[in-house]
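Trainee: Handing you this structure, nothing more for now.
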Amino acid sequence: MRRGIHPAARKFLVKLRKRARVILLSTSLLAIGGGFYWLILPGLSVADRDPSMMEEQIATWLLHQSVPDVLKARANPLGVHPAAAQITAGRDLFRKDCEICHGYAGDGKTEIAAGMYPRPPRLRDVVSTMPDGEIFYHIRNGIRNTAMPAWHLPDAQVWQLVAYIRNLPGVAPISPTLAVAQTGSVPNAHYVGSAECKSCHEEVYARWSKTRMANVVRDPKTHPDAIIPDLTQPNPLVKFTKADIALVYGSEWKQRYFTKIGDDYFAFPAQWDITHKIWRPYVVPANGGDWWAPMYPGDNMMRPTGPLCDGCHSVNYDIATKTVTEWNVGCERCHGAGSEHVRQPTRNNILNPARMNYVAANDTCIQCHSQGRPVKNPIGGRYYDWPVGFHMGLKLSDYWALEDHKMGELTFTHFPDGTAHKNRMQGNDFVQSLMYARGVTCFSCHDPHGSENDAMLRRPVNQICMTCHGPNTQNGPHAVSIEEHTHHRPGSTGSECVACHMPKIEQTIADVNVSSHTFHFITPSETDRLKIPNACTNCHTDKTTSWAAAALTSWDDRSPWRMNP
């Protein structure tokens, strides 16, 4: 057919096609230009907004690709676990040069950062996917088209910064968007047990498995070493044998022994004081003890541990069947049911308390480390002493009410000022603290997966506070040195933050006490007025409150209005 077309006509058609292509291209360019002009250009120079998700993902990918592999592979010469002095040096550099934009916790929530484009990232999240060499590269060279400058510091100081950024203080995120997505996945999941987590999280699982959290309740048949005292030695309090013990509870301060009758467990009326290595009675009095005691007969064999203990010492305790997915504080106690995550591991289908706001994050621990009672009680004719129905992803206050207290009264649970009077009330204390109000979480200081430090602290006790605090910093203390603040010799017990701000005044058994968690400095005058122990005479046992008050009065950096309220 084309052969029949006249050459002149063919030439005309070719020109027509070319002209159509030009028109189409011009129209497309005009449309793109118009779209750019009307939709993108307005506000293009504005920094006061967030980049789109696509822009953020592309920029992040390009950022990773921009670092040469040989430099990315560099390891921090300070090691995987740098010395505390190196981390502290990095912290000082960070506070001097980086904190103004990134914030002291690296979350980027500062006044100047709010006006940047793009915003400074949440460093803890970003560096989790970066090798040391890549972090070093970005500090040294800066990042083009952002507010991140190049820092021409000596290599040793840059590596100190890398070490500190890997050890940033933990506070809860202000806008926990990921937690919302994670929470939506929980209702479709079921519990599978901690063993399912081991293959992917081997190092964390290994640490956790050695903690008291993972070993608070043990079966002596599978763990014959669980029983601490020698049961062959006669004692009038001990009317049971090893064969009678179904479960052993505790291994730090006290140890109790449960027997099984039917489908319930019951605690024998004797407990082992681990500190003093002696037997003591264990019977909660009907009056002057736990709130639930009058609701049950006085005989321990009539007080089942299911409603009174087991909900916190297990994962997924079922009050109808009296069964558990596993004993002890397993992975899913804090991360929620894990079947969906095991089936397809992504960060969007498992709960991570570190992604939650400070209330939900702390409720992870408060659900059990607090004295309270269920909002609805009794349940099925029984009174429960743990938040029945609550699991991670729900709102704890819908299921649990912290124990009430009338100020000025000394009770079984509280000192007159509201400080806890007994153990397992860290949550009651902590919610009163300024730390809690500022977004600090329990796991800012404690590593629930385990550590080599006492109380599973992330750092030794004399270092953990200095993660956020330091002499003459915004968080205090407001003194030129720690010794100037404490008025005690460097390295002495009295120069430790916890000695004054977390005195051991909360009873666990007999005269064995644990630390308070209000972080409030209790003055000698408060001891005189409210009969609450203070840190001074708690340590200087041979001195009086008058002596302690006079000593504090002589310290010019202590306000008399605070020392003698």
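Every number in this text was worked out from the coordinates using simple rules, so none of it is lab data. No experiment lies behind these values; they were computed from the predicted model shown. Don't worry about glycine lacking a Cβ; one is built from the backbone with ideal geometry, like all the others, and counts go over all protein chains shown.
Trainee: Under a 5 Å amide H to amide H cut-off, with H placed in plane at 1.01 Å, what residues pair with M392 once short-range neighbours are removed?
Mentor: G336
Trainee: Net charge near A479: determine it from the other residues with C-beta under 14 Å of the C-beta of A479, scoring Lys and Arg +1 and Asp and Glu -1. Could you put the intermediate results ahead of the total?
Mentor: Details: positive: R558; negative: E483, E484, D556, D557.
Residues close to A479 contribute a combined charge of -3.
Trainee: Excluding A320 itself, calculate the net charge of residues whose Cβ lies under 14 Å from the Cβ of A320, where each Lys or Arg counts +1 and each Asp or Glu counts -1.
Mentor: That sum, taken over residues with Cβ under 14 Å, equals -2.
Trainee: Further, regarding this structure: Just for the chain, what percent of DSSP beta bridges are antiparallel, to the closest 5? Show your work: numbers first, answer last.
Mentor: Values: 30 of 32 bridges.
The answer is about 95 percent antiparallel.
Trainee: Given (1) 251; (2) 267; (3) 220 as candidate values of volume of the Cα convex hull per residue in Å³, which corresponds to the one derived from the coordinates?
Mentor: (1)
Trainee: For a quick check: sort C312, C98 by the number of other beta carbons within 10 angstrom, fewest at the front.
Mentor: So the ranking, lowest neighbour count to highest, is C312, C98.
Trainee: Another one. Rank L153, I139, A59 by how far each Cα sits towards the positive end of the charge dipole of the stretch 53-168 (+1 on Lys, Arg Cβ; -1 on Asp, Glu Cβ) and give me just the farthest.
Mentor: The residue sitting most towards the positive pole is L153.
Trainee: Still on this structure, I have one more. The stretch 55-80 to the stretch 390-447: how many Å between their Cα centroids?
Mentor: 42 Å
Trainee: Net charge near W400, counting Lys/Arg +1 and Asp/Glu -1 over other residues with Cβ under 10 Å of its Cβ?
Mentor: Numbers: positive: R373, K395; negative: D363, D398.
Neighbourhood net charge equals 0.
Trainee: Let me ask you something else. From the phi angles alone, apply the Karplus equation (6.51, -1.76, 1.60; θ = phi - 60°) to the stretch 371-386 and give each ³J(HN,Hα) in whole Hz, x where the residue is Gly or Pro.
Mentor: Karplus values, whole Hz, x for Gly and Pro: 9, x, 7, x, 4, 10, 7, x, 10, x, x, 10, 9, 10, 10, 8.
Trainee: A further question on this structure: I need L123, L71 ordered by Cβ neighbour count within 10 Å, fewest first.
Mentor: Fewest-to-most ranking of L123, L71: L71, L123.
Trainee: Residues with amide H under 5 Å of H488's amide H, sequence separation 5 or more or different chain, H placed in the peptide plane at 1.01 Å from N; which?
Mentor: Excluding prolines and chain starts, which carry no amide H, there are no hits.
Trainee: Within the stretch 515-532, what residues put their amide N at less than 13 Å from the label point 7 Å along the Cα-to-Cβ vector of W547?
Mentor: Backbone N within reach: none found.
Trainee: Next question. Placing unit charges on C-beta atoms (Lys and Arg positive, Asp and Glu negative, everything else neutral), compute the dipole magnitude of the chain about its Cα centre in debye, rounded to 20.
Mentor: 3200 debye
Trainee: Which value at 222 nm does the chain reach when only helices count, each DSSP H run of 4 or more adding -39,500 (n - 2.57), with the total divided by all residues and rounded to the nearest 500 deg cm²/dmol?
Mentor: -8000 deg cm²/dmol
Trainee: Moving on to the next point. Could you run the Karplus curve 6.51 cos²θ - 1.76 cosθ + 1.60 with θ = phi - 60° over the stretch 353-359 and give me ³J(HN,Hα) per residue in whole Hz, x for Gly and Pro?
Mentor: x, 5, 8, 8, 5, 5, 5
Trainee: Check which residues have an amide H placed less than 5 Å from E506's amide H, if you skip close sequence neighbours.
Mentor: V514, S516
Trainee: When the Cα centres of the stretch 102-159 and the stretch 333-360 are compared, how far apart do they sit, in Å?
Mentor: Between the Cα centre of the stretch 102-159 and that of the stretch 333-360, the gap is 27 Å.
Trainee: Using a 7 Å offset from Cα along Cα-Cβ at R140, what residues in the stretch 79-102 end up with backbone N under 17 Å from the label point?
Mentor: The answer is 79, whose backbone nitrogens lie closer than 17 Å to the label point.
Trainee: With +1 assigned to the C-beta of every Lys and Arg and -1 to the C-beta of every Asp and Glu, and no other charges, what is the dipole magnitude of the stretch 440-565 about the Cα centre in debye, to the nearest 20?
Mentor: I would put it at about 200 debye.
Trainee: Now for a separate question. Over the chain, calculate the relative contact order: mean separation of alpha carbon pairs under 8 Å at least 6 apart, over the residue count, as a percent.
Mentor: It rounds to 10 percent for the chain.
Trainee: Farthest toward the dipole's positive end in the stretch 180-354, which of P345, P187, T222, given Cβ charges of +1 (Lys, Arg) and -1 (Asp, Glu) about the Cα centre?
Mentor: T222
Trainee: Report the Cα centroid-to-centroid distance between the stretch 475-531 and the stretch 192-233 in angstrom, as an integer.
Mentor: Result: 33 Å between the Cα centres.
Trainee: Order by neighbour count: I278, I482, fewest other Cβ atoms within 10 Å first, most last.
Mentor: I278, I482
Trainee: In addition: Given the pairs K254/K543; K239/K543; K96/K395, which span a C-alpha to C-alpha distance of over 32 angstrom in this model? Walk me through the numbers before you get to the answer.
Mentor: On the way: K254/K543 30 Å; K239/K543 43 Å; K96/K395 39 Å.
Pairs exceeding 32 Å: K239/K543; K96/K395.
Trainee: From the backbone phi of the stretch 230-246, what are the Karplus-calculated ³J(HN,Hα) couplings (6.51 cos²θ - 1.76 cosθ + 1.60, θ = phi - 60°) in whole Hz, Gly and Pro given as x?
Mentor: Running phi through 6.51 cos²θ - 1.76 cosθ + 1.60 with θ = phi - 60° gives 8, 6, 7, 7, x, 7, x, 7, 9, 10, 9, 10, 4, 5, 7, 8, 8 Hz.
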